[in-house]
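Worksheet: one structure, shown below.
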Amino acid sequence: MSVKSQKDRALTNKINERLFPMLAAKGISSIYALSKSINENAGSISKIKRGMSDWTIDQLDKIKNIHGISIDLIFGAESKGKTEFDMKGVKLRKVPVLGYAECGYPAVTWLDSASKVMDLTDAAMLVNPFVLIAKGDSMRPYINPGDKLLCSEHIEKVKDNTAVVAVFKSMPDTIEANAKLISWDRKNKLITLYSINTKYPPTNHLEDEFVKIYKVNRIIRDVK
């Protein structure tokens, strides 16, 4: 049975770097206090903190519900409708909504033409921006089904653990899109795509398997 290395747990380590200081600020400064508050085994939480195991969706949901710290907050995702803006003098940019990005295994056709557009205030400086709608559960609760992903071409190199939409080569005249977190070994031209949901294992790919990789600049979530 294969064992994940510390590098393979880059996502868990990134969550830990941001989550535990947030918990400490709320007075949860020990493994015991956290495990007791969310009714989890202290040994299991200790392994996660040491990078020996991964968070489960259930554990992250408990932390969100009990301590008010969500994956959105950890990674800085934004929600639509939280703030009202004075639109005077603000420049809107029409951004095409191109279809769906599968948050799971790549299995959706990239739409060639926009079915609608969105007027956004934060897209003026982006290169060829567009919006995709998330499907699937592999990135929950960071990216949920129905979330709108504001994507664009990137000029600089995409950093590891960044959310991206990877566009795969597939059958002739079709392109498949997949929303994931990325780890890019440029020396060996290898790309690893990660999910938040641990039931989806990381997948390794050669660079030439992709048509293009776009950066997810913002997650737009409707408040219900």
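Throughout, read-outs are computed from the coordinates displayed, never taken from laboratory work. Because the structure is a prediction, the values reported are computed rather than measured. Heads up, the Cβs are rebuilt from the backbone with ideal geometry, glycines too, and the neighbour counts pull from every protein chain shown.
Points to keep in mind about this one:
- For the cross-link pairs Lys49/Lys212; Lys148/Lys212; Lys159/Lys212, the ones whose C-alpha atoms lie over 23 Å apart are Lys49/Lys212.
- Extension gain, Asp122 back to Asp185 (0.36 nm per residue minus Cα-Cα distance, nm): 19.6 nm
- J(HN,Hα) series, segment 65-71, from Karplus relation 6.51 cos²θ - 1.76 cosθ + 1.60, nearest Hz, glycine and proline x: 6, 8, 10, x, 10, 9, 4
- Calculated FRET efficiency, Glu153 to Ser46, Cβ-Cβ distance, R0 = 45 Å: about 0.60 to the nearest 0.05.
- Using θ = phi - 60° in the Karplus curve 6.51 cos²θ - 1.76 cosθ + 1.60, the 3J(HN,Hα) couplings for segment 194-203 round to 10, 10, 6, 6, 6, 6, 9, x, x, 10 Hz; x is entered for Gly and Pro.
- Over 26 Å between alpha carbons, listed pairs Lys36/Lys180; Lys14/Lys180; Lys157/Lys199; Lys14/Lys47: Lys36/Lys180; Lys157/Lys199
- Listed from fewest to most Cβ neighbours within 10 Å, the set Tyr200, Tyr32 follows the order Tyr32, Tyr200.
- Gain on full stretching of the segment that runs from Leu73 to His205 - 0.36 nm per residue minus C-alpha separation: 44.5 nm
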